[in-house]
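Structure, as structure tokens:
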Amino acid sequence: FLFGLALLALSPFFLNLATGNLQMIRAHLAYPAVSALFLAHLTVRERGRSGAKRWKALGIVLAQAACIAAAERNGVRTIQLYESAWEAYRNDLITANRMYADICETAGSADVSECMVIFVGKRDAGLAGQAAAEELSGRSFFEVEAHTELGGSGRIGGWLLTLGMDMRVMGAEEGDRYLEAIAYMEGAPDWPAEGGVREMGDGVIVVKMSEP
């Protein structure tokens, strides 16, 4: 009973181990029942010939060995993804503080809550070594939506707001301002170089992280 209870408590993480993925997968909600049936099949003793029992026992051992090997490999992968996600967030936090200071300096005020800030291009998380990355794990807030028509201004600005860095975030209906910002920053150096943050006028600050 205690073993089954422990498996039930750990069931949300089963698919993480099965896939080596950081993000939770909703299918894990079915895993308690699936695991119970699987363990029952492996542990219920059946009457039959001794030879059949030996083959079944061998099959159980091989299946268990394969499960343990897969869990060990994918468990390491999952830990690597958690570490990459943490390092990416830490680096993004450092970047956000430095960038926000430059935005305030360009605006000439510590209060830029009324300024629209547009981010052009992208900037990776700057992970060292052979970092694991998958989907959004190990990727920077400053790069994940750079490929879209409106760039990453919405995601980046929304995240900075949660950090207490007030600004006006560019809305989806203001895509024309994004195109203006790209043209305005053409030839400008990439942030953090001097000139990577500029005021476009009308209370609009543009940060160029790379070529779009």
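The table below gives the values:
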read-out: Entirely in segment 100-212, the strands (runs of 3 or more DSSP E) that have 1 or more residues that are touching a helix residue (DSSP H, G or I) at 6+ places or on another chain (Cβ under 6 Å) and open to solvent by 50 Å² or more (accessible area, probe 1.4 Å); value: 197-201
read-out: Tally of residues being farther than 12 Å from residue 141 by Cβ, surrounded by fewer than 17 Cβ atoms within 10 Å (Cβ to Cβ) and either aromatic (Phe, Trp, Tyr) or touching a residue at least 60 places away in the same chain (Cβ under 8 Å) (or both) across segment 80-96; value: 2
read-out: Single residue of 131, 101 found to be closer than 20 Å to residue 194 by Cα and of a type in the set (A, V, I, L, M); value: 101
read-out: Residue in segment 162-183 that is modelled with pLDDT of 85 or more and within 30 Å of residue 77 (Cβ to Cβ) present; value: yes
read-out: Conditions (1) of a type outside the set (A, V, I, L, M, F, W, C); (2) under 20 Å from residue 94 (Cβ atoms); (3) touching a Phe, Trp or Tyr at 6+ places or on another chain (Cβ under 8 Å); number of the one not met by residue 138; value: (3)
read-out: Contacts under 6 angstrom Cβ, first residue in segment 172-185 being closer than 18 Å to residue 210 by Cα, partner at pLDDT below 90 and not basic (Lys, Arg), 6 or more apart; value: 178/150; 178/151; 182/212; 184/200
read-out: Residue tally, condition of a type in the set (Lys, Arg) and farther than 16 Å from residue 204 by Cα, over segment 152-193; value: 1
read-out: Matching entry among 74, 21 (being among the polar types (S, T, N, Q), modelled with pLDDT under 75, in contact with an Asp or Glu (Cβ under 9 Å, 6 or more places away or on another chain) and surrounded by 17 or more Cβ atoms within 10 Å (Cβ to Cβ)); value: 21
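The values are calculated or read from the model by the stated rules, or taken from the named source; none is laboratory data. None of the values given here were measured: they were computed from a predicted structure. With ideal geometry, Cβ positions are generated from the backbone for all residues, glycine too; neighbour counts draw on all protein chains shown. Surface accessibility is based on the protein's heavy atoms, side chains included, excluding ligands, DNA and RNA. Shrake-Rupley method; radii C 1.70, N 1.55, O 1.52, S 1.80 Å.
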